[in-house]
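Values in this text are rule-based calculations from the coordinates and carry no lab data. Here the structure is a predicted model, which is why all the values come from computation and not from measurement. Note that each Cβ is placed from the backbone with ideal geometry, even for glycine, and that neighbours are counted across all protein chains shown.
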Amino acid sequence: MTETSGPGPDDEPRPVRGMTGRVLRAPFGGTSKSRHEAVWLDTGAGRWVLRRKHGPAMGDATLERYVGREIRCNGTLLAHTLLADDIEIVG
């Protein structure tokens, strides 16, 4: 498993494989006008907004089935987002 704690110092996208964690729903956007509920992946070492590579940026109904579940995924880690290529329920 390759799990990272966040993007590198230059915030370049980084590929990840076998990242595991619990999916939850929580606010994103601080106190700004763009604050909204988002689906997150919490690995214990970090937390990222979870998106599917070919899914919508917000309101992805497909991700709802993962909320509360433990998953493993591969994808690309961005500053605050994990853009998942594939997602597998592991618990």
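Results, tabulated for the structure shown:
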| quantity | calculated |
| --- | --- |
| Relative contact order %, region 14-89, counting alpha carbon pairs below 8 Å whose residues are six or more apart | 36 percent |
| Pairwise label distance in nanometres, Ile89 with Arg17, each label 7 Å out on the Cα-Cβ vector | 2.6 nm |
| Over region 14-89: Kirkwood hydrodynamic radius from C-alpha pairwise inverse distances, Å | 12.3 Å |
